[in-house]
Amino acid sequence: MIITMPIEAAQGMAQGDDLALLGLLQLVSPALPIGAFAFSQGLESAFELGWVKDEASLGDWLTGVLDDGLTRCELPVLARLQQAWADEGAEAIAQWDGWLAANRETAELAAEDSRLGASLARLLGSLELLPSDFSAEAPALPEGASYVTVFAWAAQVRGVAPRQAMLGFAWAWFENQLAVACKALPLGHTAAQRLVERLRPALVTAVDEALELNDDELGPALPGLALASALHETQYSRLFRS
């Protein structure tokens, strides 16, 4: 037996999904005025040190950061924070926000996270999209909230499903890293698109793996990135703030 859905109900569901998708695209757009273009997350230092010098080595670097960083840190915590926002769980929000701060291994990485979080919070405030704009009882953003924490709230209020929010967050990171490489390396835009084709499946795999992790399995393992970031703090010539 075939069960059909009334056209009006189907249209309503489609419109909700469409608005959520557009809200996610807004969040991950390079045009979002939060200043993400100013940060390289240690990648500029990896260029200077010769660790990353061409398309192949950039692909290897990004794969490593994705596998041992985002998959075990930002992505699973984003899902947990979005659920905490949905549950109005102030304690869980504060716990995971603090966990993220504790896992920023250099001053630059910590500053990047808090500055992007503050910039996104200011933008949401100007759009009347902060928690306080929806309910006086909603948990407030933690003081100095991380970018991931604010992103999770924005995704939740936009009606974006957690998996799609994670994919969008990973894509924004990936696209920004390629933009950094195009500015600071002799890497053309065609080469960047080849890396997109090579690593797009890895973004999906990262989200799949992140969703399977238990709390005690979380934690980045990126000593190379931490070292590059620390060295970037005193790098003589640089384009980026991290």
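The values are calculated or read from the model by the stated rules, or taken from the named source; none is laboratory data. What you see is a predicted model, and the numbers here were worked out from it, not measured in a lab. Neighbour counts run over all protein chains shown; Cβ positions are idealised from the backbone, glycine included. Side chains are part of the model used for accessible areas, which takes the heavy atoms of the whole protein and leaves out ligands, DNA and RNA. Shrake-Rupley method; radii C 1.70, N 1.55, O 1.52, S 1.80 Å.
If I fit a long axis through the Cα atoms of helix 147-157 and take the longest principal axis of the Cα atoms of the chain, what angle between them do I get, 0 to 90°, rounded to 10? Between helix and principal axis, roughly 20 degrees. Taking the longest Cα principal axis of the chain as reference, the axis of helix 74-87 is set at about 30 degrees.
Angle check, please: helix 55-68 long axis (alpha carbons) against the longest principal axis of the chain (alpha carbons), in degrees 0 to 90, nearest 10. Around 50 degrees separate the two axes. Summed over the residues of the chain and divided among them, the accessible surface reaches 51 Å² per residue at a probe radius of 1.4 Å. Amide H contacts under 5 Å for PHE39: ARG241, restricted to partners 5 or more places along the chain or on a different chain, H placed in the peptide plane at 1.01 Å from N. What number comes out for the charge environment of PHE169, summing +1 per Lys or Arg and -1 per Asp or Glu over other residues with Cβ under 12 Å away? Neighbour charge sum, excluding PHE169 itself: -1. The charge dipole of region 83-239, taken about its Cα centre with unit charges on the Cβ of Lys, Arg, Asp and Glu (plus for the first two, minus for the last two), comes to roughly 980 debye.
Sequence-ordered 3J(HN,Hα) estimates for region 96-112 from the Karplus curve with 6.51, -1.76 and 1.60 and θ = phi - 60° stand at 6, 5, x, 4, 4, 4, 5, 9, 8, 8, 9, 4, 5, 5, 5, 5, 4 Hz, glycine and proline given as x. Once you sort the root eigenvalues of the Cα gyration tensor of region 33-77 as a ≥ b ≥ c, which label holds: rounded (a/c under 1.5), prolate (a/b larger than b/c) or oblate (the other case)? It comes out oblate by the Cα gyration axes. Computed over region 36-233, the range of Cα coordinates on each principal axis works out to 51, 33, 32 Å, biggest value leading.
Other residues lying with their Cβ under 12 Å from the Cβ of ALA202 contribute a combined charge of -3, Lys and Arg counting +1, Asp and Glu -1.
Per-residue 3J(HN,Hα) values for region 36-44, derived from phi via the Karplus relation 6.51 cos²θ - 1.76 cosθ + 1.60 with θ = phi - 60°, read 4, 5, 7, 10, 10, 6, x, 5, 4 Hz in sequence order (x marks Gly and Pro). Across the accessible surface of the chain, with the other protein chains kept in place and a 1.4 Å probe, carbon and sulfur atoms take up 55 percent. For region 161-209, the Kirkwood radius over C-alpha pairs fed into Stokes-Einstein at 4 °C and 1.567 mPa s yields D = 114 µm² per second.
Residues in region 185-202 carry Karplus couplings, in order, of 10, x, 10, x, 5, 5, 4, 4, 5, 5, 5, 4, 5, 5, 9, 3, x, 5 Hz; the curve used is 6.51 cos²θ - 1.76 cosθ + 1.60 with θ = phi - 60°, and Gly or Pro positions show x. Estimated purely from DSSP H runs of n ≥ 4, each contributing -39500 (n - 2.57), the mean residue ellipticity at 222 nm for the chain is -21500 deg cm²/dmol once divided by its residues.
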